[in-house]
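> Following this message is one structure expressed as structure tokens.
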Amino acid sequence: DTAAFTEGLFVHNGKMYESTGQFKESMIQVNDIKTGKTEKKYPIKDSAIFGEGINILNDKLYQLTYQNHLVYVYNLNDLTKPIKTFPWQTEGWGMTNNGTELIISDGGREGNLYFVNPDDFKIKRILQVRDNFGAVDNLNELEYINGTIFANVWGGDYILQIDPSNGHVI
């Protein structure tokens, strides 16, 4: 959907789940991975919400909000309304998972990634991402692949590979 302001993507069981941003236009879209065709749209009913990163873990879809300090949790089989809403202390940007924890970025100058329990959204640990020059800010969309975290840097033209044990950029 070229009109969508894409904030988060996740591929699961042959479908691409897309979270879009913008006030009054935020939604979750489900797309056919082969054709790219949008099959369903689930708009966020509150026009003051700006949708951000999403992730799927244990048959639940988690959606961050940008500056609203909320996380919506949906049953993957019914995206019409959240089954839970958690407060979140920072801006929501990107999200991935390592199989047991959700990993969240907030774009902050500290370069923090938050490892979160998906059941209660309590932070288990905070990892500062660092390269040779110090903390890396503007970490956005995240992916967890083969034991490492990949992150794009908002406003940049590159993707970082991050060691989740120490936060160092590989």
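The values are calculated or read from the model by the stated rules, or taken from the named source; none is laboratory data. Everything quoted here is computed from the prediction, not taken from an experiment. Positions of Cβ are backbone-derived with ideal geometry, glycine not excepted, and every protein chain shown enters the neighbour counts. Accessible surface areas use protein heavy atoms only, side chains included; no ligands, DNA or RNA. Shrake-Rupley method; radii C 1.70, N 1.55, O 1.52, S 1.80 Å.
> Could you list, in sequence order, all residues of segment 154-170 that are modelled with pLDDT of 95 or more and not acidic (D, E)?
I159, L160, Q161, I162, P164, S165, N166, G167, H168, V169, I170
> While we're looking at this one, here's another question. List pairs: first in segment 6-24 and at positive phi, second open to solvent by 60 Å² or more (accessible area, probe 1.4 Å) and hydrophobic (A, V, I, L, M, F, W, C), Cβ under 6 Å, 6+ apart or cross-chain?
G14/I33; Q22/F5
> Across segment 4-44, what is the number of residues that are of a type outside the set (V, I, T), within 19 Å of the chain's Cα centre (by Cα) and in a strand (DSSP E or B)?
Here the count works out to 16.
> Still on this model: Please list, ordered by first then second residue, the pairs with beta carbon atoms under 7 Å, 6 or more apart or interchain, first in segment 68-82 and over 16 Å from G94 (Cβ atoms), second of a type in the set (K, R).
V73/K60; V73/K84; Y74/K60; N75/K60; L76/K60
> Does at least one position in segment 58-65 carry a residue that is under 20 Å from G21 (Cβ atoms), assigned to a loop (DSSP other than H, G, I, E, B) and either touching a residue at least 24 places away in the same chain (Cβ under 8 Å) or open to solvent by less than 50 Å² (accessible area, probe 1.4 Å) (or both)?
No - not one qualifying residue is present in segment 58-65.
> Out of the strands (runs of 3 or more DSSP E) lying entirely within segment 76-140, which hold 2 or more residues that are over 13 Å from the mean Cα position of the chain (by Cα) and over 21 Å from Y158 (Cβ atoms)?
Correct list: 84-87, 123-128.
> Only one residue in W88, W93 is open to solvent by less than 80 Å² (accessible area, probe 1.4 Å), more than 23 Å from G14 (Cβ to Cβ) and either without any contact (Cβ under 8 Å) to a residue 12 or more places away in the chain or touching an Asp or Glu at 6+ places or on another chain (Cβ under 7 Å) (or both), so which one is that?
Answer to the check: W93.
> For the list (1) farther than 14 Å from G94 by Cα; (2) open to solvent by 60 Å² or more (accessible area, probe 1.4 Å), I need the number of the one condition that L9 fails.
The single condition L9 does not satisfy is (1).
> Further question: Every residue in segment 23-54 that is among the polar types (S, T, N, Q), open to solvent by less than 70 Å² (accessible area, probe 1.4 Å) and more than 13 Å from L79 (Cα to Cα), please.
Within segment 23-54, S26, N31, T38, S47 qualify.
> Can you find a residue that is outside any strand (DSSP E or B), touching a strand residue (DSSP E or B) at 6+ places or on another chain (Cβ under 8 Å), among the acidic types (D, E) and within 26 Å of I44 (Cα to Cα) anywhere in segment 151-166?
For segment 151-166, residues outside any strand (DSSP E or B), touching a strand residue (DSSP E or B) at 6+ places or on another chain (Cβ under 8 Å), among the acidic types (D, E) and within 26 Å of I44 (Cα to Cα): absent.
> Of these, V11, V73, which one is of a type outside the set (S, T, Y) and under 21 Å from L139 (Cα atoms)?
Sole residue among the options that is of a type outside the set (S, T, Y) and under 21 Å from L139 (Cα atoms): V11.
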